[in-house]
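First up is the structure itself, then whatever we jot down about it.
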Amino acid sequence: MLQDYILEISNQKENVLAGFFVPEQIYKEDFPSAWNDYGTPNKKVTMFHIISDTNPYEERSMEIVDEIEQVATFTLKNTPYENSQIAVDGLPSNNRDLKNLSSEDFLKTSIFMLIGIFIVLSVLFKSFIMPIYALISLGVTYIASQAVVEFYFYKHPWLSRYNVVGTFLCFCYVNVTRGRLLNIFNVKIQ
């Protein structure tokens with residue numbers, strides 16, 4: 001039996017050392033049923049199930065998703081499948097995509113919000129200096145709220161699920177305690 005497999009390997013006409021070898025008997029009997037588990041009927045999509053021992057909500061799991069994509073891209077270089085689309089699915093992949101999306105959207109939203117606040121405060125105060133001071137104060141408050149969230153929510157893993165809500169609430173609490181919200185929105189226009 002082993003000699004038959006070795007003879008089959010040596011009789012290959014093309015790409016003897018490329019890829020992996022599947023004996024003819026297994027290719028005819030068992031290989032077609034593998035498409036039911038790891039591919040689509042049209043044989044254009046293949047799937048690999050990867051099970052990780054890390055918590056899917058941790059940062060490390062999202063890093064593993066990046067590593068899987070890099071390895072898959074590198075592996076397909078200089079093959080007929082080099083330009084194929086690679087997709088990763090699962091909880092860590094979804095969390096990574098949400099993290100990237102929220103950080104990009106947060107930056108855009110923050111910029112538009114600060115520009116809008118500056119315009120409104122400039123009209124209300126009839127000055128450009130006071131809105132600048134108010135926005136600097138909001139920036140310091142935001143940094144302080146991020147520090148509180150970092151201290152409490154990232155040092156204690158069981159609180160990490162509340163970090164988005166915690167950031168917002170800390171920002172509001174710090175603003176209220178500093179009196180900024182009351183001072184900004186109780187402006188008397190003369």
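The values are calculated or read from the model by the stated rules, or taken from the named source; none is laboratory data. Source: prediction; values computed, not measured. Backbone-built Cβ (ideal geometry, glycine too); neighbour counts: all protein chains shown. Ligands, DNA and RNA are excluded from the accessible area calculation, which covers all protein heavy atoms including side chains. Shrake-Rupley method; radii C 1.70, N 1.55, O 1.52, S 1.80 Å.
Selection over segment 126-146 of residues that are under 16 Å from I111 (Cα atoms) and hydrophobic (A, V, I, L, M, F, W, C) gives a count of 7. Of all the residues in segment 39-53, those that are within 21 Å of the chain's Cα centre (by Cα) and either open to solvent by 100 Å² or more (accessible area, probe 1.4 Å) or in contact (Cβ under 8 Å) with a residue 12 or more places away in the chain (or both) number 6. Here the condition is being hydroxyl-bearing (S, T, Y), open to solvent by less than 80 Å² (accessible area, probe 1.4 Å) and more than 30 Å from Q3 (Cα to Cα); of S103, S33, it holds for S103 alone.
Taking the stated definitions as given, is L114 more than 29 Å from the chain's Cα centre (by Cα) and assigned to a helix (DSSP H, G or I)? Spelling it out, it is not the case that L114 is more than 29 Å from the chain's Cα centre (by Cα) and assigned to a helix (DSSP H, G or I).
Can we say Y162 is closer than 24 Å to E58 by Cβ, modelled with pLDDT under 70 and either basic (K, R) or open to solvent by 80 Å² or more (accessible area, probe 1.4 Å) (or both)?
Values: closer than 24 Å to E58 by Cβ: yes; modelled with pLDDT under 70: yes; either basic (K, R) or open to solvent by 80 Å² or more (accessible area, probe 1.4 Å) (or both): yes.
When the stated conditions are applied, Y162 passes them.
Could you check segment 73-95 and list, in sequence order, the residues that are of a type in the set (G, A, S) and surrounded by fewer than 15 Cβ atoms within 10 Å (Cβ to Cβ)? Listed by number, the residues that qualify are S84, A87. How many residues does segment 65-101 contain that are within 24 Å of T54 (Cα to Cα), touching a helix residue (DSSP H, G or I) at 6+ places or on another chain (Cβ under 7 Å) and not in a helix (DSSP H, G or I)? Count: 2.
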